[in-house]
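K.L.:
Before anything else, here's the structure in question.
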Amino acid sequence: MKIAKKEHQINEEITDKELRVIDVDGGQLGIISAKEALELAYEKDLDLVKIAPTATPPVCRIMDYGKFVFEQGKREKEAKKNQKVIDIKEVRMSSTIDTHDFETKVNQAVKFLKGGDKLKVSVRFKKRTVAHPQFGEELLEKFKAEISEYGAVDKPTKMEGRSLVMFVVPKPGKNN
């Protein structure tokens, strides 16, 4: 079982005859044989790492590989921590929804949009109401008008099975 993913060739894994070598402090040592470069790295008690395998000749650097991998992992964690994850929240309604229930769904949608989440609004048709999709379209138009201050329609209404679906994204600057 491998614990770390290995992206670079190090030390004896490098089989090229000639390499362009960069020293620990970033200075170029020039084009030398792989054997010489490996000896230089071992003298300084460091590793020879191939950092640009596609270059001609390949570029290698003398460095502490363990420290390099650790710092790279640290940078990746930091980048991941700074990412904003956007969830898709769903608000479901029936085509025969009552006024107060509709207002509750609107308030719930506004809360989601203020939180910066995308919103999927669906109107579910039960039994014979599926024969009258215009009621669902009217309901979604009314819903769109109610939340227009906080969100904009990303994808227009469309039928998915027995549901009429619309996607809404938050407006920039309106979230807390």
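K.L.:
Can you tell me which residue among Ala109, Ala152, Ala145 is outside any loop (DSSP other than H, G, I, E, B), modelled with pLDDT of 85 or more, surrounded by fewer than 18 Cβ atoms within 10 Å (Cβ to Cβ) and of a type outside the set (D, E, K, R)?
P.N.:
Ala145
K.L.:
Give the range 4-56 a look and list any residue that's of a type in the set (Val, Ile, Thr), over 35 Å from the mean Cα position of the chain (by Cα) and surrounded by fewer than 11 Cβ atoms within 10 Å (Cβ to Cβ), or say none.
P.N.:
Thr15
K.L.:
Do the conditions hold for Lys120, that is, is it of a type in the set (Lys, Arg), surrounded by 12 or more Cβ atoms within 10 Å (Cβ to Cβ) and outside any helix (DSSP H, G or I)?
P.N.:
So Lys120 passes the test.
K.L.:
On the given criteria, is Ala131 assigned by TED's automatic domain parsing to the domain that holds Pro156, modelled with pLDDT of 85 or more and among the small types (Gly, Ala, Ser)?
P.N.:
Answer is no for this residue.
K.L.:
Taking Thr104 as the residue in question, decide whether it is assigned to a loop (DSSP other than H, G, I, E, B) and either among the β-branched types (Val, Ile, Thr) or buried (at least 16 other Cβ atoms within 10 Å of the Cβ) (or both).
P.N.:
No: the conditions fail for Thr104.
K.L.:
Further question on the same structure: For the range 7-28, enumerate the residues that are closer than 13 Å to Arg61 by Cα and free of Cβ contacts under 8 Å to residues at least 12 places away in the same chain.
P.N.:
Asp25, Gly26, Gly27, Gln28
The values are calculated or read from the model by the stated rules, or taken from the named source; none is laboratory data. No experiment lies behind these values; they were computed from the predicted model shown. Counting neighbours? That spans all protein chains shown, and the Cβs are built from the backbone with ideal geometry, glycine included.
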